[in-house]
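Participant: I have a structure here, written as structure tokens, and I will follow up with some questions on it.
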Amino acid sequence: MIASDETIRTPDRLIPPSPPTRGHRTAGCALIVLGAIFALPAVFNTVAAIHGLVG
């Protein structure tokens, strides 16, 4: 199987991987936004819980 995201070595040269497509970049940005939506409230809740226990 050929991995499309890795450099391929041939006897006379290296073939670089193809650049990411627009769809992959868009999906990556969407995952970053979703991660921020779910991760930031969790961080704030954790900080608030620790502050409630300590202070």
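Participant: Is it possible to state the helix-based mean residue ellipticity at 222 nm for the chain, with each DSSP H run of 4+ residues giving -39500 (n - 2.57), the sum divided by total residues, to the nearest 500 deg cm²/dmol? What is it? Please report the intermediate quantities before stating the final value.
Facilitator: Working: 1 runs with 33 residues, N = 55.
After summing the helix terms and dividing by residue count, I get -22000 deg cm²/dmol.
Participant: Residues of the stretch 14-55 with the amide nitrogen closer than 20 Å to a label point 7 Å from the Cα of D5, along Cα-to-Cβ, please.
Facilitator: What the label zone holds, given the 20 Å backbone N cut-off, is 15-36.
Participant: Tell me the angle of helix 22-54 to the major Cα principal axis of the chain, expressed in degrees between 0 and 90 and rounded to the nearest ten.
Facilitator: Once rounded, one gets 30 degrees.
Participant: Next question, about the same structure. Can you give me the % of accessible surface on the chain that is carbon or sulfur? Probe 1.4 Å, all protein chains present, nothing else counted. Each step should come with its number before you reach the end.
Facilitator: On the way: 3660 of 5220 Å².
Carbon and sulfur together cover 70 percent of it.
Participant: Follow-up question, since we're still on this one. Label D12 and V33 with points 7 Å out from Cα along Cα→Cβ: what is the distance between them in nm?
Facilitator: Once both label points are built, they end up 4.7 nm from each other.
Participant: Separate question: How would you order 7-16, 28-37 from highest to lowest mean count of nearby Cβ atoms within 10 Å?
Facilitator: 28-37, 7-16
Participant: Using every Cα-Cα pair within the chain, state what percent have a distance larger than 15 Å. Mind showing how you got there, number by number?
Facilitator: Numbers: 1040 of 1485 pairs.
Result for the distance tail: 70 percent.
The values are calculated or read from the model by the stated rules, or taken from the named source; none is laboratory data. Keep in mind the model is a prediction, meaning the values are calculated, not measured. With ideal geometry, Cβ positions are generated from the backbone for all residues, glycine too; neighbour counts draw on all protein chains shown. Heavy atoms of the whole protein, side chains included, go into the accessibility calculation; ligands, DNA and RNA do not. Shrake-Rupley method; radii C 1.70, N 1.55, O 1.52, S 1.80 Å.
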